[in-house]
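Here's the structure we're looking at; comments come further down.
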Amino acid sequence: INEQNARMSTGEKSAKDIDRHVDEWIAKNSDTWNAWLTAARDAAK
């Protein structure tokens, strides 16, 4: 979150920028992201 806030405060705050930030975060944290998705899907059963 801190990294995201810093990027936005330096001007990277358009919808396109934020979408890129999300994609980059998911790529860097794919194991965590996939675990969250699995947990959410399991909880929805």
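Computed from the coordinates by the stated procedures, all read-outs in this text should not be read as laboratory data. These numbers come from a predicted model, not from an experiment.
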- Task: Please give the direction-averaged projected area of the C-alpha convex hull for the range 2-43, in square nanometres with one decimal.
- Result: 3.4
- Nearest 10, in degrees from 0 to 90: the angle of helix 15-28 to the longest Cα principal axis of the chain is 50
- Query: Roughly speaking, what is the stretch gain from R20 to T32, that is 0.36 nm per residue apart minus the C-alpha to C-alpha distance, in nm to one decimal?
  - Reply: 2.5 nm
